[in-house]
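This report concerns only the one structure given below.
The values are calculated or read from the model by the stated rules, or taken from the named source; none is laboratory data. All values derive from a computational prediction rather than experimental measurement. We place every Cβ from the backbone using ideal geometry, glycine too, and count neighbours over all the protein chains shown.
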Amino acid sequence: MANSNPHDLPFHTPARERRLSATDEELRDALESAHLPTLIMTLVHLTGDRSLLRDDLRPAGPSISDASAGLNEAQQKEIRERAFSLLREFRDGGGILPEPPSENDVANMLSFCVGQEVPPEYLPLMLEELGLETHDASYFEWRRPVSPEQLDGFKVLIIGAGMSGICAAIRLSQAGIPFEIIERNDGVGGTWQQHRYPGCRVDVPNRFYAYSFEPNHEWSGYFSEAAELRAYFERCADRYGISDKIRLSTEVLGADFDDETGRWTVQTRSSNGAEGEIEANIVISAVGIFNRPTLPSFPGIESFQGEILHTSSWDDSLPIEGQRIAVIGTGATGVQLIPALSDLGAEVHVFQRTPHWIIPNPNYFEKVPTGEQWLLGHLPFYAEWSRIRFMWLASDGFYPAVQVDPDWHDPDVSLNAQNEMFRNVMINYMQSELAGDEELIEKCTPDYPAFGKRIIIDSGWFRTLRQENVHLISNEIDRIEPQGIVTQDGQLHTVDAIVFATGFQANRFLVPMSITARGQDLREQWGDEPRAHVGGVAVPGYPNFFCLYGPNTNPAHGGSIIFQTECEVRYAFALIRELVESGARSIECKPEAHESFSKKTASHLARTVWSHPKVNSYYLNASRNDTVNSPFRLIDFWEMTREPNLDDYALAKLDEPLASQAGD
């Protein structure tokens, strides 16, 4: 089984030719929709003609949404004409690809494409994304021969059929490792299966919000809605043969590890109440952090005569038009929901505790032109360069803005020059949108630095607040009465329904499961201070147990949780591979390695905006420690999870007790 793909899964492999079948008219039409910096990189990649990397064609600065990158009409015409000529020659010549660009060329192209200087340390990641270095599929190949007998009876149990669970299953299937997925909902997709409130959509550009090995060139919009995202993960599960290995409408109650056998016994309960047990060598928790809502308890809430619900359990039968609906919470979910409710004819009473920073993106509701969809699916390297742009512009390009400058002159409201720049951009935008309404401007201006909470893309928020049927209330809630909500100023706000957009129990990663080993329960051991080793994956004392989207792995400065998850799956697979290849019974993170990494994480967090005294969010625990956000750049996270340091782990062989090795 060494270096094989037993199921012949449809992973991308490099090819030396890619044929085009398009008429001249179709080519010209498609090029009209091209994102020009991406198109320039594609032309350089296809021809090796570096003369296109001219200063007058370089983007003036980083921009996610401007397809022209500030180029004038003559420059745009020149690029499209050269592209048309090239593509016609490429088509008529049989689609033979040239030798790939050198590493130095790629480095120059990357900085040119994003309009900023990108540090050289990003080159290995970008080469991998372009398929010019080790392809990501090679991480999931065996390093030593593995016989069928070694996998006979071996099983991995994955808890959750959302984005991360499906990703783990695909990679395990690639290596021929038996697995099963347990999913408490009646369908796959996780967050995108559960969350169906009006206006629900992703806030990461779709180019970057997809598996690296399964790009989707047919996203209808630049930021897709929940139903389309759910359909993507359903297709992935079907395409890779995962669907028939998912047990739906079944909840995991707990799991207990047996040191002697090196196996977990997992307790389950189906939707009809039937309970059962499953044995597995490995348990992977892929339950995420957006599945257990936070429901504030206000005095008198039980007396309310209307409907009460949380956005995570939206009821499609809830009447909206002409109804008075209270929405409590103005975070990312509330900012998406409230404009949708107002547009559907509701009178919306918005109860805000803390305002959020809002940034515009003209593409947020825009559809992807059919021409650009064609380029993504047919023009060699266009999709790869498009994804790479977003990897930088929507993630690590922002990272300096979240770092504390100890010498900064105004630390109460900003952290450094870049952070102050973003603050000013968003304040200016807010003031222009609210057209001089000083009362609204005051209510909508955060008192904490930008990025203290995840910056929200404007979904019509400021436009909505100016509508007559929308009322922004910043007085705190005192109690709830049968007819509505009473604020501390004594005013009764009469409403027909109350919707909580109040976030999730983000630092209670395993609720309500009980994960036990050697008489200890991990959930109780963590309390509200969960910690895990590199990538949030492993915890000492709990052998053969791995977390995806675990503690301190949320990319809060920007980026895509799918990227983080792929890194974590790669890391966890390497540990499973070591377990199988070595013939060991169990593998466990050593306490000293875990403690060292925890200190490193805490040290990095202390230098970020998330530790600012004015920042409050459901990511913080009772001690104001952030247990959710990752303080690392994406490049750091990628590098630290490429290969585990096996010195950080203890292996127990069949005739040795694991407990005696974990602290060696």
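Observations
- Of note, G527 does not satisfy the criterion of being more than 30 Å from S303 (Cα to Cα), surrounded by 22 or more Cβ atoms within 10 Å (Cβ to Cβ) and not hydroxyl-bearing (S, T, Y).
- Pairing each residue of segment 628-653 that is within 17 Å of I561 (Cβ to Cβ) and in contact (Cβ under 8 Å) with a residue 24 or more places away in the chain with any residue that is crowded, with 20+ Cβ neighbours inside 10 Å and of a type in the set (G, A, S), provided the two are 6+ apart or on different chains, yields C-beta distances under 6 Å for V628/A506; N629/A556; L634/S395; L634/G559; T641/G535.
- Taken together, the residues in segment 203-222 that are of a type in the set (A, V, I, L, M, F, W, C) and modelled with pLDDT under 95 amount to 3.
- Residue among G70, G153 that alone is at positive phi and either outside the structural domain of N185 (by TED's automatic domain parsing) or buried (at least 18 other Cβ atoms within 10 Å of the Cβ) (or both): G70
- Checked against (1) aliphatic (A, V, I, L, M); (2) in contact with a Gly (Cβ under 9 Å, 6 or more places away or on another chain); (3) within 15 Å of H195 (Cα to Cα); (4) not in a loop (DSSP other than H, G, I, E, B), V287 meets all criteria but (4).
- Lone unmet requirement of (1) touching a Lys or Arg at 6+ places or on another chain (Cβ under 6 Å); (2) more than 30 Å from N419 (Cα to Cα); (3) in a loop (DSSP other than H, G, I, E, B); (4) of a type outside the set (S, T, N, Q) for V539: (1)
- Set A572, A602: member being crowded, with 20+ Cβ neighbours inside 10 Å and of a type in the set (G, A, S): A572
- Qualifying strands (runs of 3 or more DSSP E) (wholly inside segment 448-505; at least 1 residues being closer than 30 Å to S611 by Cβ): 470-473, 477-481, 497-500
- Only one of the listed residues (R531, R518, R523) is among the charged types (D, E, K, R), closer than 23 Å to R184 by Cα and outside the structural domain of L337 (by TED's automatic domain parsing). That residue is R523.
- Any hit, segment 272-280, residues being closer than 30 Å to N206 by Cβ and not in a strand (DSSP E or B): no
Here's the yes/no breakdown for (1) touching a strand residue (DSSP E or B) at 6+ places or on another chain (Cβ under 7 Å); (2) of a type outside the set (V, I, T):
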site	(1), (2)
G503	no, yes
S514	yes, yes
R523	yes, yes
G527	no, yes
C547	yes, yes
T553	no, no
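- Count of segment 2-46 residues which are closer than 19 Å to G93 by Cα, of a type in the set (D, E) and at pLDDT 90 or above: 3
- For segment 180-194, a residue qualifies if it is part of a loop (DSSP other than H, G, I, E, B), out of contact with any Asp or Glu (no Cβ under 8 Å at 6 or more places or on another chain) and surrounded by 21 or more Cβ atoms within 10 Å (Cβ to Cβ), and the qualifying residues are E183, G190.
- Looking across segment 498-524 at every residue that is within 30 Å of P355 (Cβ to Cβ) and β-branched (V, I, T), the one that is surrounded by the fewest Cβ atoms within 10 Å (Cβ to Cβ) is identified as V511.
- Failed item in (1) touching a residue at least 60 places away in the same chain (Cβ under 8 Å); (2) within 28 Å of T370 (Cβ to Cβ), with L229 passing the rest: (1)
- Condition check for L229: more than 22 Å from Y571 (Cα to Cα), buried (at least 21 other Cβ atoms within 10 Å of the Cβ) and out of contact with any Pro (no Cβ under 7 Å at 6 or more places or on another chain): yes
- For segment 408-428, a residue qualifies if it is in a helix (DSSP H, G or I) and crowded, with 16+ Cβ neighbours inside 10 Å, and the qualifying residues are Q418, N419, E420, F422, R423, M426, I427.
- In segment 205-228 there is at least one residue that is out of contact with any His (no Cβ under 7 Å at 6 or more places or on another chain) and in a helix (DSSP H, G or I).
- The residues listed here are G535, G541, G550; of these, the one that is closer than 30 Å to G153 by Cβ, surrounded by fewer than 21 Cβ atoms within 10 Å (Cβ to Cβ), in contact (Cβ under 8 Å) with a residue 24 or more places away in the chain and out of contact with any His (no Cβ under 8 Å at 6 or more places or on another chain) is G541.
- Residue, modelled with the highest pLDDT, within segment 380-394, restricted to residues that are surrounded by 21 or more Cβ atoms within 10 Å (Cβ to Cβ) and in a loop (DSSP other than H, G, I, E, B): F381
- Residue match in segment 35-43 (condition: without any contact (Cβ under 8 Å) to a residue 24 or more places away in the chain and within 25 Å of the chain's Cα centre (by Cα)): no
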